[in-house]
Amino acid sequence: MMGAVVIKSDKKSLKLITELAKRLGGDVVKLNDEELQDFTFGEMMKEAKTNKTVSRDTVMKKLK
C-alpha cells in the first residue's frame, strides 16, 4: 500500500526531510502554495461528496 505525507515547513527543514525521504527510497514531489490549496480543496470535495443529484432550480435558488 502506498501513502503520502504532506509537510509544510521552512526551507531548511524541508531540505532535510527531502534528503531523508530520498535515502529511504521514497519519491518526493514539491508543491507550491497554490498546488497545495488545490490538493486540499480536492480532498475536501471528496469528503463532502454525496453522489446525490439536485435539480437546476435548487442550485439556482442557492446561488441567489
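The values are calculated or read from the model by the stated rules, or taken from the named source; none is laboratory data. The shown structure was predicted, so the numbers you read here are calculated from the model rather than taken from an experiment. Here the Cβ is made from the backbone with ideal geometry for all residues, glycine too, and neighbour counts use every protein chain on show.
Name the residues in the range 40-63 that are outside any loop (DSSP other than H, G, I, E, B), polar (S, T, N, Q) and over 19 Å from the mean Cα position of the chain (by Cα), would you?
Correct list: T58 only.
Could you list, in sequence order, all residues of the range 7-31 that are small (G, A, S) and closer than 27 Å to F41 by Cα?
Listed by number, the residues that qualify are S9, S13, A21, G26.
Out of the residues in the range 1-39 that are in a loop (DSSP other than H, G, I, E, B) and of a type in the set (V, I, T), which is farthest from the chain's Cα centre (by Cα)?
Across the range 1-39, the extreme among qualifying residues is V28.
Output the residue which, of all residues in the range 11-40 that are loosely packed, with under 10 Cβ neighbours inside 10 Å and of a type in the set (A, V, I, L, M, F, W, C), is modelled with the highest pLDDT.
Taking the candidates together, the pick is L24.
Just to be sure I understand the filter: pairs with C-beta atoms under 6 Å, separated by 6 or more residues or on different chains, first member in the range 28-44 and without any contact (Cβ under 8 Å) to a residue 24 or more places away in the chain, second member of a type in the set (G, A, S) and surrounded by 11 or more Cβ atoms within 10 Å (Cβ to Cβ). Which pairs pass?
V28/A21
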